[in-house]
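Here is the structure we will look at, set down as structure tokens.
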Amino acid sequence: MKSILIYSPREINPSRGGIERVTNGLASFLIKNGHKIVFLVNEKTSDDEYTPIAEQYFISHNKYERKKQVLNLINKYNISIIINQAGFFSIIKRKELPNYIKIISVIHDSYYAMYKILPFSKLRLWKWKWVISKMLKQTYFDSNKVILFSEKFIPEFQFFYPKASKDKIEIIPNFNVYESVNIKDKKNIVLFVGRLTRIHKRVDLLLKIWSLIYKDFPAWKLLIVGNGEDKSALEQMAIDLKLKNYSFEGTQNPTPYYQEASIFCMTSAFESFGMVLTEAMQHKVIPIAFNSYSTASEIINTGHDGYLIKPFDLEDYASKLSFLMNHPAKRDEMAKNAYNSVQKFSINTIGQKWLNLIDSL
């Protein structure tokens, strides 16, 4: 048994977001396999009532108090491993930690995909790349292992830090966060789950896609679950487009929506993994997404268990969405395929990779 400190950018409330759900799931799996888990989190994100599955501490934002706090937790719980879910290792300086502490840093963001689409001037983009390169290099040196979700991400990581060795990189995809699912009778619901941001999740494109087809499908509804800095602007955009049969649901537990939805729409410009796709597929919700990031094709087998659309072809996206809405037999077939396909990301399969890594440190 090892005592492990998991550091997260946000509190571990699994109803709040993908990193929170996967962190909660990883902690649960490690606890079941005999390890002791403690959470250290950066940000409180809600006043929801929930019970963390492990002791949870909020980090001090005073750097001197933070150092003392981290070292106290290490001593109190005999911590030997830190799993850093924040990407960049910024809790305290590596040299301030005891030498025996092993650090595993998980890169949850695809900075290369961001680099390709950020609407910056050449100078600003160069500065952005310089900052990301510096931070990834530091995280690489501070960590004993760096977790990437796919082999495809290795050259992307090396784009920012060319000297990164494959020996220090471990490939462990995200796993299915639902150990069991309750799938209800499907309704005529097209679902989006995620943060309401334009530059990343491109919910504005989803609204444009809906504007192309909603008049032909009065029995169908688009449900948008989530919150974010662009929510007000997106709500106004929907009004300006004169959309019907849609609803902004706000921040909600996504599970009841997955249970009843038939089709899941992702319109992201970039992702690292796209957990909402696998979450939807676990609930027999057929995913449609832009083929805009490296691992999309490792999740969706287009035409079999979902559709990948050329970025950012709104007409083709609308066409595939309309096809599924029009053909219930095809939906049933692809929904079953989606459920079966996503089993390759089961917690037992992916969790064993984590156990092997922890044992090797």
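Restricted to the stretch 29-55, and to residues there that are closer than 19 Å to residue 356 by Cα and of a type in the set (D, E, K, R), the residue that is most open to solvent (accessible area, probe 1.4 Å) is 32. Across the stretch 167-188, the qualifying residues are those that are surrounded by fewer than 16 Cβ atoms within 10 Å (Cβ to Cβ) and of a type in the set (A, V, I, L, M, F, W, C), and the one among them that is farthest from residue 332 (Cα to Cα) is 171. Among the candidates 179, 170, the residue that is assigned to a loop (DSSP other than H, G, I, E, B) and within 22 Å of the chain's Cα centre (by Cα) is uniquely 179.
Close contacts from the stretch 3-28, counting a first residue that is open to solvent by 20 Å² or more (accessible area, probe 1.4 Å) and a second that is of a type in the set (S, T, N, Q) and not in a loop (DSSP other than H, G, I, E, B), with Cβ to Cβ under 7 Å and a gap of 6+ residues or different chains, come to 9/42; 10/42; 14/24; 19/8. Considering the stretch 251-301, the qualifying helices (runs of 4 or more DSSP H), each wholly inside and each with 1 or more residues that are of a type in the set (Val, Ile, Thr) and within 23 Å of residue 157 (Cβ to Cβ), run over 275-282, 296-299.
Looking only at the stretch 56-91, residues that are farther than 23 Å from residue 139 by Cα and surrounded by 13 or more Cβ atoms within 10 Å (Cβ to Cβ) come to 2 in all. A Cβ distance below 7 Å, combined with a sequence gap of six or more or placement on separate chains, defines the contacts here; from the stretch 308-328, residues that are under 14 Å from residue 206 (Cβ atoms) reach residues that are among the small types (Gly, Ala, Ser) and modelled with pLDDT under 95 in the pairs 311/292. For the stretch 322-338, the condition holds for no residue, the condition being that it is in a loop (DSSP other than H, G, I, E, B) and open to solvent by less than 10 Å² (accessible area, probe 1.4 Å).
The values are calculated or read from the model by the stated rules, or taken from the named source; none is laboratory data. Remember, predicted model here, so these are calculated numbers, not experimental data. Positions of Cβ are generated from backbone atoms using ideal geometry, with glycine treated the same way; all protein chains shown enter the neighbour counts. Just so you know, the surface numbers come from the protein's heavy atoms only, side chains and all, with ligands and any DNA or RNA stripped out. Shrake-Rupley method; radii C 1.70, N 1.55, O 1.52, S 1.80 Å.
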